[in-house]
Amino acid sequence: MPHTIKKLPKSQIELTIIVTPEEYQPHLEKAAERLSERTAIKGFRPGKAPYDMVKRHVGEMQILQEALESIIQKTFFDAATEEKLETIGMPHIHIEKQAPGNDVVFKATVATLPTVTLPDLKKIHVEQKAPVIDEKKVDETLDALRGMQAKEALKSGAAEGTDKLMIDMDMFIDRVPVEGGQAKKYSVYLSEKHYIPGFNEQVAGMKEGEERTFTLEFPATHYQKHLAGKKVDFTVKAKGVYERQLPEMNDDFAKALGQENVAKLRELLRTNLLEDAKRKADQQTEIAILEQLIEKSAFDEIPDVLIDSERQKMFHELKRDLDRNGVSIEQYLQDIKRDEKQLFEDFKAQAEKRAKAALISRQIAKDQNIAVADDEVDKEVALIGDAYKDNAETQENLKKPEVRDALAVTLQNKKVMAWLKEQIVKPVEQP
């Protein structure tokens, strides 16, 4: 089967494929059989009319049209295999010539996996400090647990200590009200950290009926992107101050939480906090490794199909996070004054970075023979199935080949990262 190959920008290639009548004849015969099943031909049962009879009845061109999809699929696959192409997504097909008894000529344009040239891993170093949990963090967690079981009583006087302050709140940016930035009877627990640094300090000491105005900067990591890193003006009015009577820190309190005594409770909290700190440290280490690899690796142009795939994932991740916070994607887009098309454009730089990270992981897996066996995927499917045994949708999705493939990629990425840590990470003890 003659064909030519041409390289295009953004890691795309164009295959021009010529299929002779002799090569596509088997496809015509199968197409004629399918047509005979759908077409009434006198003297023959559906699907039983011979090829020549079908040809006389419907015409050669209709048979060729029926066969064209299978002709293209087979010959494109053969040409891509012969050229050892690693294609991404579906090819764009343009028919150049098609006529019964003549060569079929078509062009297939398709994206391919871009090549990645990795840096010398010996020149990449990432330090990871061993996390330490001090008693202050344990005390803060204990206080939070006590706060969950506190009894509240309305009081006169200023909000202080462990009190709860009930406020009405309005938020503004450049004197313009923030959409969704108004709250009635919003509870502020003075002894617990607020998600906006400095908020509790600004409202401490307020009395019922008192009003205050102040300005704070939202954290850069805030989930509402239109507020992240922005200076926001607040107007708050105290609607009530509540004294909170926290349960005494004693063995009875510990037993109510399933522990023998306060010492055992502190030990459990310390262990849990340490595990959480280790997870966060691992995440930061992995980010640092990938950032260095992305910066120091060389890539061919990244095809749009890869970037668009990552943008789709980012959109679904954002929607999931918003759902968890009780915010609809429609409300979010309204708040940030963007539409989905603009949002996708905003995702482009990060999506390209994620695509590069995936390409690096794949290349390392290939170079180091890091693979995932079927039984490993089976085990992962079983674990997810057990965790969501009452979720019919999840159970059905786990049967899909594409879900298994995605799980295999995830497991392979984990293996690659574990291998990278062994090569790159240098543990550092805290002073």
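All of the numbers you see were taken from the coordinates with simple rules; none came from a lab. Note that the structure is a prediction, hence the values are computed from the model and not measured. Neighbour counts run over all protein chains shown; Cβ positions are idealised from the backbone, glycine included.
Think of each Lys and Arg Cβ as +1 and each Asp and Glu Cβ as -1; about the Cα centre, that makes the dipole of the chain roughly 380 debye.
Each Cα pair under 8 Å and six or more residues apart adds its sequence gap; the mean of these over the residue count of region 131-288 is a relative contact order of 30 percent.
Helix 21-38 and the long axis of the chain differ in direction by around 70°, with both axes built from C-alpha atoms.
By other beta-carbon atoms within 10 Å, ranking MET206, MET1, MET314 with the fewest at the front produces MET1, MET314, MET206.
Contact order, relative form, for the chain: 17 percent (alpha carbon pairs under 8 Å, 6 or more residues apart, mean separation divided by residue count). Of the trypsin sites (Lys or Arg not before Pro) found in region 1-102, those in coil by DSSP whose Cβ has at most 16 other Cβ atoms within 10 Å are LYS10, LYS42, LYS48, LYS84.
Every helix of 4 or more DSSP H residues in the chain counts as -39500 (n - 2.57), and over all residues that averages to -16000 deg cm²/dmol at 222 nm. A DSSP coil position with no more than 13 other Cβ atoms inside 10 Å describes the following trypsin sites (Lys or Arg not before Pro) in region 312-347: LYS337. Normalised by residue number, the volume inside the convex hull of the Cα atoms of region 95-180 is 499 Å³ per residue. Just checking the listed ones, GLY181, GLY205, GLY47: in the Gaussian network model of the chain with Cα springs under 10 Å, the one fluctuating most is GLY47. Simple rule: put +1 on each Lys or Arg Cβ and -1 on each Asp or Glu Cβ in region 3-112, find the dipole, and look at THR109, PRO21, LEU68; the Cα lying farthest toward the positive end is LEU68. Projecting the Cα atoms of ILE329, ASN413, THR394 onto the charge dipole of region 277-428, computed from C-beta unit charges around the Cα centre, puts ASN413 farthest toward the positive end. The Cα atoms of region 150-245 give a gyration tensor whose axes a ≥ b ≥ c have a/c of 1.5 or more with a/b greater than b/c, which makes the shape prolate. If you run the Gaussian network model on the chain, springs between alpha carbon atoms under 10 Å, then out of GLN65, GLN412, GLN292 the most flexible one is GLN65.
Taking other residues whose beta carbon is less than 15 angstrom from the beta carbon of GLN98, and scoring Lys, Arg as +1 and Asp, Glu as -1, yields -4.
The local environment of ASN261, defined by Cβ-Cβ distances under 11 Å, has a net charge of -1 under the rule Lys, Arg +1 and Asp, Glu -1. One entry in (i) 1.06; (ii) 1.44; (iii) 0.96 is Cα Rg over 2.2 N^0.38 Å calculated from the shown coordinates; its label is (ii). Indicate the gyration tensor shape class of region 61-102 (rounded, prolate or oblate), computed on the Cα atoms with a ≥ b ≥ c the square roots of the eigenvalues: a/c under 1.5 is rounded; otherwise a/b larger than b/c is prolate and the rest oblate. Prolate shape, in that a/c is at least 1.5 and a/b is the bigger ratio. Can you tell me which of PRO114, PRO100, PRO131 moves the most in a GNM of the chain? Springs connect C-alpha atoms under 10 Å apart. Comparing PRO114, PRO100, PRO131 in a Gaussian network model of the chain, the most mobile one is PRO100.
I'd like the antiparallel share, as a percent to the nearest 5, of DSSP beta bridges with both residues in the chain. Taking every DSSP beta bridge within the chain, about 95 percent pair in antiparallel fashion. Near THR162: Cβ cut-off under 11 Å, other residues only, Lys/Arg at +1 and Asp/Glu at -1. The net charge is -3.
Would you mind working out the magnitude of the charge dipole of region 3-112 relative to its Cα centre, with +1 at each Lys and Arg C-beta and -1 at each Asp and Glu C-beta, to the nearest 20 Debye? In total the dipole reaches around 360 debye. Taking chymotrypsin sites (Phe, Trp or Tyr not before Pro) across region 257-332, none is in a DSSP loop with at most 15 further Cβ atoms lying within 10 angstrom of its Cβ.
Working from Cα positions, state the angle (0 to 90°, nearest 10) between the long axis of helix 262-296 and the longest principal axis of the chain. Computed tilt is about 40 degrees.
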